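Data first, discussion second: the structure below is written as structure tokens.
The values are calculated or read from the model by the stated rules, or taken from the named source; none is laboratory data. Bear in mind the structure is a predicted one, so any value in this text is a computation, not a measurement. Side chains included, ligands, DNA and RNA excluded: accessible areas come from the protein's heavy atoms. Shrake-Rupley method; radii C 1.70, N 1.55, O 1.52, S 1.80 Å.
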Amino acid sequence: MPFEQVNSKVVRARVGPASPVLARRGAMLGYSGQVTFRPVHGQGRGIGGMVGAAMSGESNPMMATEGQGEVLYGYKGLHVTVLELDGGAPLVCEADRLLVHDAALQTSVQFLGSGGIKQAIGGAMTGQGLFTTNVHGRGSVALLSHGGAFPLQLSGTQVGVDPQAYVGHVGQLTVDLAAKVGLRDVVGRGSGEAFQLRISGYGTVYVQASEQKF
Amino acid sequence: MTYPPGTPYGEPQPGPYGGQPQPGYGQPPPGYGQPPQPGYGQPPPGYGPPPPAPTGTTLNPHTLPDDDNVNPYVFCVSLAGDWFMSKGAMLAYYGDVRFEAVTEYTSVQAWVAARFSSPVYVQDWVVATGRGKVLIGDRGFDLNAYDLDAGNLTIKANNLCAFSPQLELKQSIVPGFVTLIGTGKFIASSNGPVIFVEPPFRADPDALLGWADCPSPSVHHDAQWMTQNIRGMISGALGRASGEERQYDFTGSGTILLQSSEVAREDPAVLRLVESQTQLLTNAQAGSLGQRLVARAQQQQH
Amino acid sequence: MALLTAHKRVLHADLQGDRIRAASGSMVAVEGTVDFKNAGMGGGGGMRAALKRAVAGESLSLMDCTGHGRVYLARDAMDVLVVDLAGDTLTVESEHVLAHTEQLRLDVQFAGLRGVTSGQGLATTTVTGHGQVALVSEGPVMALEVAPGQDLVVDPDAYVGSRGQLSMNLVSGVSWKSLVGEGSGEPFSLRFTGHGLVLVQSSER
């Protein structure tokens, strides 16, 4: 069931016996009808997902919403972007960007980037999410962003994205993590290593107008 | 009672990003193979005509609206007499306007005390007096004006920005909320546009902005959530209070106002409110409460 | 010619082999071939301006963006506004500068004592020349007209910048003093007189 975008910061989900949803904990704003909430632990299905989540810190406390009714979701005034997945390419994003999604969608944790283990460690230390969440299947998903996510369409082209501003992507895209030498000078004082995500291929990249992570 | 918000500034932006391009520069030049992005381009419906000047619409006392929104986040009060305003809500003003603390005013003007019957909040408010145009805003939140016609509306005290002196302010029995009674106008902020729903409805306390005409809410505890969470805690995962275990339950008929849950802002009145209630405690009880609070503060430091 | 276009909360900077200056760390995405290089403090006005800036506490760290392509610039999801300058001067609080085209000159102007109390630093930044400057603000900027007999009083935290022949004074009347010491509020305000435009943002944060 597609989510209804109430305004730029709130979505409404219609929950039925056959269509429960999974949402970030603390994101329920209010509801009508006979609806219950149940905390779920761990991310994704299968051992790989769980281990990956534990290792990467990509485990995001979620909850299942079941029953029959309408539920409003939003989180701390962050902007919400609703995407419809068609069962093709998965949505790749960081776990804490997920506000709510159809429970029928599967999530798993993926290692992002091909820069080798040394860079991976560097990235982990700077707090950049090198592990991301894949959302597979057919259904609705609502993503959080600070100030709204704008799409960049790629058709065989390449785009560089600040990891802090990266929200997610859908499509046949490859993501490389590159230490941007020039940027390192720029960010310099206090900001630590500057990495850039180099994304190329065919698809859509979602970027937020802010460097604020949450 | 009327609720003007929603349509004119409700920013119903269905697109992933409500682009409102600045006029005056035409289209970005072609040349980088960038197709026009969906969601960009169309100004969201409901906004007025696009500003003509590159520095936004040029406004002066004559072109500023009378008691209406300048944009979704700024309201212009056409002052001729007195208004109550939250301290810090003033962005700018034209004309001859004085601001005086409500505390100072009450001693001189008896009507102020009669209107503003909330000692807990009195320190956070001023009386604006004079003639002019006063622009008010609140943390960049959406602002809405509400017209009460012999009605009453209860609203989160932190979100109330200003009200006309014809209205009376009283503390609600729900902590952190105030009730406005009478006939007049008030301005309140919300994180994102206000969402109006009708009972029966259960609202997260952080998302609740206010309610009108319906009875005060009761607190609903989600039994399933509690048991599940306790089980979760036993199995090793950390149980966190996230709001899902407790909601305000509205019944009867009326209107409930919701906003996107906000980052908690310190409400100075809450401290005063709680402190005044500690008078109910015996000395021994007060001492043990003090110890617990110290322990909590130390825990949170780590 | 480099072109700056505001798209609500994102600035598109289209480069055609030329250069713009942008606030350090404000790049959120980039298409094409663009190099980023630290332009140091101040970004213009030379050593003397940088020194003045350091003394004044008006800090503005800029980077050079050079090449071909489009740079997406943003800061904290703030609204973006592009101002065209044709030889005139824009006075602006440095924290609101997001980017500017190469031909513009940034300099520091001492606000004197009246700046001390506003909490915005001792000095303000002036932008002069022919070109474009992009500003960020909490919510859309309102351009409020000031004319003789039409003074404007502004909360220092809502003040973004100004254009024209204006003079700024501090208002701290008796009524204001009574508010000091009672927590937040606006103990001081800025009164603008003269002829010009004052840019005000939608938040007093």
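Computed with the Debye formula from one identical point scatterer per Cα of segment B:68-191, without solvent, the log10 of I(q)/I(0) at q = 0.10, 0.19 Å⁻¹ comes to -0.26, -1.04. If you build the convex hull over the alpha carbons only and average its shadow over all orientations, what do you get for segment A:129-172? Give it in nm² to one decimal. Quarter of the Cα hull surface area: 4.1 nm². Chain B contacts chain A over a buried accessible area of about 3100 Å², both sides summed; the probe is 1.4 Å and only protein chains count.
Pairs from the table (B:185/C:8; B:87/B:170; A:213/C:8; A:9/C:8) lying more than 27 angstrom apart at Cα are B:185/C:8.
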